[in-house]
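Down below is the structure, laid out as structure tokens.
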Amino acid sequence: MALVSIRGVNKVYDGNVHAVKDVSLEIRDKEFMVFVGPSGCGKTTTLRMVAGLESITSGDILIGDTVVNQLPPMDRDIAMVFQNYALYPHMSVFHNMAFGLKMRKFEKPEIDKRVRDAAAILGIENLLDRKPRQLSGGQRQRVALGRAIVRHPQVFLFDEPLSNLDAKLRVQMRVELKKLHERLGTTAIYVTHDQVEAMTLGDRVVVMKDGVVQQVGEPLELYNTPANKFVAGFIGSPAMNFADVTLMESGGKLWAEAQGLRIGIPGEIARRANGRNGAHATLGIRPEDIHLAGPADPAELCFEAEVEVIEQLGSESVLDTRVCSSACVASVDPTLRMKVHDRLKLAMNPARLHLFDAGSEAAI
């Protein structure tokens, strides 16, 4: 069982930089867990502590039933794939993939079998005699993956392995990584700053900010029920729209009011916000949950907006609009005809509204 347990782990640098703060997680056997967050949030430091490349200030990390805090990387039965590939330029692809096995004194027939099996899985059998300089970025990344696969580790660790690839190849490699994980059935921990990568790859996703875990959950759980404003804004593309509002009760209904905006809050959210009359809050709505208002849309969910920029993406049109002094992004049907400076009447999907406390930023 390749269960990875992170229990109350902290990392403090130079006595005052608290990079990772009391992180506790259980990463299940054969799970693909993705850590995501902005630069400096502590995700890579956490990964490096699991790998043994960073010491742990306090807490414990277990792989299976073994506490690995004091074990060197080579004794942890893990394999790591780095952002910069870390291939030996003077060695062939075969010898790059075989190097770790040679250091562990594997027999030549076993090394040959493992390298050729991994090369077949990755479709690089015809590259085994080439040097890294003769390979494209995608091919180098496959070699780096192959070097990890031949180890037959309990846990794969990935440190932003696709960030050096172009956009099209990143999408292709994401699909290949997911297929590879399904085929190998090994526990994987993956670090990225790209929330699209996190959502498409992860069985579960850990969102971090300032060294603190903000939320752990399946991708759609993070998207549909974010725990706080940070997670709501970080997950989803284009990002969620936010408006600072005041909650007001009127006519037996709860309203979110701001300059140029008065939105009726539907039943379930209104019940959770009970007793907050006059309180400040943040109203959130995703661009894809805003549409051009029609006759069936209640007036309490509609608002006026002026189009500032139109991004035609083929499958959708992304409108950057202005609502009084605030910006609002809407993702609408690409067949709609409009131009910059048009004034539109937009409507929100009531089931997709979010409210966040103005002080704690936690979801209401």
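The values are calculated or read from the model by the stated rules, or taken from the named source; none is laboratory data. All of these numbers come straight from a predicted model, not from anything done at the bench. Here the Cβ is made from the backbone with ideal geometry for all residues, glycine too, and neighbour counts use every protein chain on show.
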* **Evaluation of Leu247 against (1) modelled with pLDDT of 95 or more; (2) over 31 Å from the mean Cα position of the chain (by Cα); (3) surrounded by fewer than 19 Cβ atoms within 10 Å (Cβ to Cβ) (one fails), failing number** => (3)
* Structure fact -> Counted residues in the stretch 14-39 being out of contact with any strand residue (DSSP E or B) (no Cβ under 6 Å at 6 or more places or on another chain) and free of Cβ contacts under 8 Å to residues at least 24 places away in the same chain come to 4
* Can you name every residue in the stretch 133-146 that is out of contact with any helix residue (DSSP H, G or I) (no Cβ under 7 Å at 6 or more places or on another chain) and buried (at least 18 other Cβ atoms within 10 Å of the Cβ)? -> Ala144
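Can you find a residue in the stretch 86-104 that is within 24 Å of Gly42 (Cα to Cα) and in the same structural domain as Gly40 (by TED's automatic domain parsing)?
yes
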* Report whether or not Gly40 is in a loop (DSSP other than H, G, I, E, B) and of a type in the set (Gly, Ala, Ser). => yes
* Asked: Are there any pairs, at least 6 apart or on different chains, whose C-beta atoms fall under 7 Å, with the first in the stretch 255-280 and surrounded by fewer than 17 Cβ atoms within 10 Å (Cβ to Cβ) and the second assigned to a loop (DSSP other than H, G, I, E, B) and among the hydrophobic types (A, V, I, L, M, F, W, C), and if so, which?
  -> Gln259/Cys324; Gly260/Cys324; Arg272/Ile364; His280/Ala358
* Being farther than 25 Å from Ser136 by Cα and surrounded by 15 or more Cβ atoms within 10 Å (Cβ to Cβ) is the filter; apply it to the stretch 160-187 and report the residue that is modelled with the highest pLDDT. => Thr187
* **Hits in the stretch 89-132 (condition: of a type in the set (Gly, Ala, Ser), in a helix (DSSP H, G or I) and surrounded by fewer than 13 Cβ atoms within 10 Å (Cβ to Cβ))** => Ala120
* Residues of the stretch 213-243 being under 29 Å from Leu344 (Cα atoms), assigned to a strand (DSSP E or B) and in contact with a Leu (Cβ under 8 Å, 6 or more places away or on another chain), which ones? -> Phe242, Ala243
* **Lone qualifier among Ile310, Ile263, Ile269 - being among the aliphatic types (A, V, I, L, M), part of a helix (DSSP H, G or I) and either modelled with pLDDT under 95 or not assigned by TED's automatic domain parsing to the domain that holds Asn224 (or both)** => Ile269
